[in-house]
Amino acid sequence: MSHDAQLDAIKSGYTFEGATVNLGVALSNGEPQPDVHVSLPLAMMNRHGLIAGATGTGKTKTLQVLAEQLSANGVPVFMADVKGDLSGIAAPGESNDKLVARTSALGQTWQGTSYPAEFFTLGGEGTGVPIRATIESFGPILLSRVMDLNSTQESAL
Ligand SMILES: Nc1ncnc2c1ncn2[C@@H]1O[C@H](COP(=O)(O)OP(=O)(O)O)[C@@H](O)[C@H]1O
Ligand SMILES: [Mg+2]
């Protein structure tokens, strides 16, 4: 398949009717192609997905981009943010020359935007709203794991 045919295949394969979440554009010989968008239908975002890649390939950025656009579309997003990579969604980003150069190469008009965020905390640590669960809501399987029960103890529970 020729290079142009590959770009055409990406273009048609990632173009959908109705609302979409836009992940970015295709790269060709290292250059972003502003007219070859990579999008996912908003209506498909309740399915399962996996963002995989080596360190530094853009997994966290992809998650941020997904969460921002879901939020902008009124879809609440729950994110487990163990490393604090995602809490910045609550404050508008600051522009810089590098960012403007990159986003205009992608055909985007960048604007720093904050999204409504609420923070939860486990075990009452930190400043968020503490999340608590009743023992009943754990159910026997999860409770067995937490208590490190063997199979005999688990079946008794
Ligand atoms: N689409 C992209 N275009 C340009 N730079 C990107 C893109 N996605 C990620 N980056 C940059 O690459 C670096 C690593 O991205 P990150 O999402 O933190 O990777 P990962 O979570 O996979 O380790 C960051 O500095 C980020 O700004
Ligand atoms: Mg990461």
*asked:* Quick check on region 47-55. Is at least one of its residues within 12 Å of ligand 1 (Cβ to nearest atom) and of a type in the set (Lys, Arg)?
replied: no
Among Thr113, Thr60, the single one that is within 16 Å of ligand 1 (Cβ to nearest atom) and of a type outside the set (A, V, I, L, M, F, W, C) is Thr60
(message) Considering only region 106-117, I want to know if a residue exists there that is over 30 Å from Ala26 (Cβ atoms), small (Gly, Ala, Ser) and within 16 Å of ligand 2 (Cβ to nearest atom).
(response) no
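Residues are listed down the side, and each one gets a yes or a no for (1) within 16 Å of ligand 2 (Cβ to nearest atom); (2) open to solvent by 40 Å² or more (accessible area, probe 1.4 Å); (3) touching a helix residue (DSSP H, G or I) at 6+ places or on another chain (Cβ under 7 Å):
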position: Tyr14; (1), (2), (3): no, yes, no
position: Gly24; (1), (2), (3): no, no, no
position: Ser28; (1), (2), (3): no, no, yes
position: Gln33; (1), (2), (3): no, yes, yes
position: Val36; (1), (2), (3): no, no, yes
Matching residues in region 8-53 (under 15 Å from Leu106 (Cα atoms) and either touching a residue at least 40 places away in the same chain (Cβ under 8 Å) or not in a loop (DSSP other than H, G, I, E, B) (or both)) number 17
Residue pairs qualifying under the 7 Å Cβ cut-off, at least six apart or on distinct chains, with the first in region 71-87 being outside the structural domain of Thr20 (by TED's automatic domain parsing) and within 16 Å of ligand 1 (Cβ to nearest atom) and the second being open to solvent by less than 60 Å² (accessible area, probe 1.4 Å) and at pLDDT below 90, are none
Of the candidates Gly84, Gly139, Gly124, Gly88, the one satisfying the condition of being of a type in the set (Gly, Ala, Ser), assigned to a helix (DSSP H, G or I) and at positive phi is Gly139
Going through (1) closer than 18 Å to Trp110 by Cβ; (2) more than 16 Å from ligand 2 (Cβ to nearest atom); (3) of a type outside the set (Asp, Glu); (4) open to solvent by 40 Å² or more (accessible area, probe 1.4 Å) one by one, Gln64 fails only at (2)
Residues of region 109-144 being open to solvent by 80 Å² or more (accessible area, probe 1.4 Å) and in contact with a Phe, Trp or Tyr (Cβ under 9 Å, 6 or more places away or on another chain), in sequence order, are Phe120, Thr127
Given the conditions (1) free of Cβ contacts under 8 Å to residues at least 60 places away in the same chain; (2) open to solvent by less than 80 Å² (accessible area, probe 1.4 Å), every one holds for Lys98 apart from (2)
Practice problem: May I ask you to verify whether Val75 is surrounded by 13 or more Cβ atoms within 10 Å (Cβ to Cβ), within 21 Å of the chain's Cα centre (by Cα) and within 30 Å of Gly123 (Cα to Cα)? | Solution: yes
Filtering region 54-77 for residues that are part of a loop (DSSP other than H, G, I, E, B) and not hydrophobic (A, V, I, L, M, F, W, C) leaves a count of 7
Item checked: Residue check, Thr62 at pLDDT below 90 and of a type in the set (Val, Ile, Thr) -> no
Screening Leu7, Leu40, Leu99 for residues that are within 30 Å of Ile131 (Cβ to Cβ) and among the hydrophobic types (A, V, I, L, M, F, W, C) leaves only Leu40
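The values are calculated or read from the model by the stated rules, or taken from the named source; none is laboratory data. Just so we're clear, the structure is a prediction, and the values are computed from it rather than from any experiment. Here the Cβ is made from the backbone with ideal geometry for all residues, glycine too, and neighbour counts use every protein chain on show. In case anyone asks, the SASA skips ligands and DNA or RNA and just uses the protein heavy atoms, side chains included. Shrake-Rupley method; radii C 1.70, N 1.55, O 1.52, S 1.80 Å.
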